[in-house]
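Since the structure comes first, as structure tokens, the remarks are kept for the end.
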Amino acid sequence: MTATSRLERPARRRAVPSPARPAGDRGGFGLFLLPGLLLCLLVIVVPLLMTIGVSFTRWTGVGAPEWTGLANYRRLLADDTVWASFRNIGFLIVAMAVLPTLLGLALAALLFDYVAKQAGPRTASAFRAGFYLPQVLPVAVTGIVWAWILHPGYGALNAILTGVGLDPLARNWLGDPTYALGSVMAIMIWFQLGYPVVMFVSGLRRVDPELYEAAELDGASWWARTTRISVHLIKPEIYVVLVTTTIAALKIFGPIFVLTRGGPGNATLVPSYFAYQNFFERVDVGYGSTISTVLTVIIVALVAVILRVQRREED
Amino acid sequence: MARRRGGRPTRAVVLGALTVAVLLMLAPFALVALNAVKSPADYAARGPMALPQRLHLAGIVDFWFRVDFGEKLVNSFVVSASVAVLAVLVSILNAYALGVGRVRGRTLLLIFFLLANLLPQEALVYPLYHLAKQVGLYDSRLALIIIFTAIQSAFGTYLLSSVYAVFPRELLEAAALDGAGRWRVLWRVVVPVTRPTVSVLFTFFFIWTWNEFFLPLVFLISNDKQTVPVALGVLQGDRLMDATTTSASALLGVAPAVVFFLIFQRTLTRGALAGALK
């Protein structure tokens, strides 16, 4: 999926108290939910339950699944490939969530608080648009662009390095297990950076300028203002960005499919690609379902933690 | 605000560094455009950084006809536009019941829709593939439209419900006094008033669906049904792809995205989704 903003915050405002309504007024609204709920049942609930069910079986996709209890889960815990894929996800969370958030904070503060004032809001919004542009690309197209730039034979990067006399630095960026994951991480930082920048600048707009002026009169430095005031006030945005990008990293598929297919070896393998291989290449549907179920549990747990924290903050 | 501390040198350094950073972000786009219009001989002789000796469009034209790119654009457009329209409709109906109607169990339902949107597609893909095969919807754009309508509208419901929850009650009551039923109130009062949010949703649904890769990859096996990202993605590593053909294919993939970006720039870069929630 597009690694963007799927989990924004729900309304923080409390519902406006509604005037007394005649009893039974709520009835009837249920009808409006019917199409949406049926659709979700068909496309999401039933398939999810089937995947969970199949995760306890051995199944090639043809004939009847054979019940094997927890065998797939035991296999998963002992499977080095699975552990490698989760280790890689750890690195991708750094590249897709942690680093873009930190860089995005710095850039957003700079654009909002310095560039907009020193060089005008038009310059600031041009910079912002420049950082955001990669975000609108289909991730698969991002992969094509970078696979070409990093190609060992005809790629632009190696040609540039050779051209300026740095040929010892030329590498097989995506084909060498030492550099493949690092290369994918760099690409994902490039892809993700615009999202936090845009979200944080929009958060900073909410901040009352008088707060800054007061802090400035008190002699607070630019750094102190940024870290003490801005970061504190746009906490909700930071939160949303960290959560959505972490979930996006957990689900990453397209860039891996196009750039490396998980290779070389397992150097860039991720759970979703490993599940895909089990479903459609190894026809080991039971095991693929087990991997998907584990991934689902991790994401649901993450969402549950977030909803809880959010609720606590609102109270 | 007055120009403050930080004289000209600081200013020049900061703006200079930012300019370099933005140019680095945009460099891949420039490289793609530069080399997509070069002849293979030109590329071999003078490398990726040189300006093309003359405009060589054969690479792009050849690739366009080789993959029948026009057809892929139509496929992507049909799927994305249908999903955007249908998902907006479903989101509106759901949000009306949850936000305005306050049906029982609305908090749980909202969490349900949020989770429905955030689930990894890997957890749905095999049963969907299996079921679609059984009902004859495998390898069809219709199956994708139904699936993405469900996934996108789950998010839309979550977002729009919070907007509808604070919809001015006076407007609803005034309409009810005029004798308008629920259906009429929805389309004559609620939807027109919240049109900005609805159009933001439409924009994002369209672009998100356009960019989807995983499910279209699994569901669209026939060449003539593939969407742009799938058609380009599966050609990666094809032995017929050389440097200039690859950049031509990348340019064709980038171009529609850049067009959308230019059309929807305000919506996209203002954190419109975040704004819609405040």
Notebook entry, point to check: Of all residues in the stretch A:162-194, which are within 11 Å of chain B (Cβ to nearest Cβ), assigned to a helix (DSSP H, G or I) and without any contact (Cβ under 8 Å) to a residue 12 or more places away in the chain?
Noted result: A:THR162, A:GLY163
Item checked: Tabulated pairs, the stretch B:152-173, first over 14 Å from B:LEU186 (Cα atoms), second of a type in the set (Val, Ile, Thr) and modelled with pLDDT of 85 or more, C-beta under 7 angstrom, 6+ apart or interchain -> B:GLN152/B:VAL83; B:GLN152/B:THR209; B:SER153/B:VAL90; B:GLY156/B:VAL88
Note to self: Looking at the stretch A:250-257, can you tell me whether even one residue there is surrounded by fewer than 22 Cβ atoms within 10 Å (Cβ to Cβ) and either more than 27 Å from A:THR57 (Cα to Cα) or more than 9 Å from chain B (Cβ to nearest Cβ) (or both)?
What the structure shows: no
Note to self: Among (1) open to solvent by 30 Å² or more (accessible area, probe 1.4 Å); (2) in contact with a helix residue (DSSP H, G or I) (Cβ under 7 Å, 6 or more places away or on another chain); (3) aromatic (Phe, Trp, Tyr), there is one condition B:PHE65 misses while meeting the rest; what is its number?
What the structure shows: (2)
Check: So how many residues does the stretch B:34-58 have that are out of contact with any Ser or Thr (no Cβ under 6 Å at 6 or more places or on another chain), part of a helix (DSSP H, G or I) and surrounded by 15 or more Cβ atoms within 10 Å (Cβ to Cβ)?
Finding: 3
Notebook entry, point to check: Under the condition of being of a type in the set (Asp, Glu) and loosely packed, with under 12 Cβ neighbours inside 10 Å, which residue from the stretch A:273-313 is nearest to the other protein chains (Cβ to nearest Cβ)?
Noted result: A:GLU281
Note to self: Looking only at helices (runs of 4 or more DSSP H) that lie completely in the stretch B:158-230, which have at least 2 residues being at pLDDT 90 or above, under 23 Å from B:GLY253 (Cα atoms) and in contact with a Lys or Arg (Cβ under 9 Å, 6 or more places away or on another chain)?
What the structure shows: B:214-219
Next item on the list: From (1) farther than 25 Å from B:ALA231 by Cα; (2) over 31 Å from the mean Cα position of the chain (by Cα), pick out the condition that doesn't hold for B:SER39.
Entry: (1)
Item checked: Failed item, numbered, when A:GLY90 is tested on (1) surrounded by 12 or more Cβ atoms within 10 Å (Cβ to Cβ); (2) more than 7 Å from chain B (Cβ to nearest Cβ); (3) modelled with pLDDT of 85 or more -> (1)
Notebook entry, point to check: Among the residues of the stretch B:61-110, which ones are of a type outside the set (Val, Ile, Thr), closer than 18 Å to B:LEU159 by Cα and assigned to a loop (DSSP other than H, G, I, E, B)?
Noted result: B:GLY101, B:ARG102, B:GLY105
Margin query: Can you confirm whether B:PHE155 is under 19 Å from the mean Cα position of the chain (by Cα) and more than 25 Å from B:GLY101 (Cβ to Cβ)?
Written below: no
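The values are calculated or read from the model by the stated rules, or taken from the named source; none is laboratory data. Note that the structure is a prediction, hence the values are computed from the model and not measured. Virtual Cβ from ideal backbone geometry, glycine too; neighbours counted across all protein chains shown. Just so you know, the surface numbers come from the protein's heavy atoms only, side chains and all, with ligands and any DNA or RNA stripped out. Shrake-Rupley method; radii C 1.70, N 1.55, O 1.52, S 1.80 Å.
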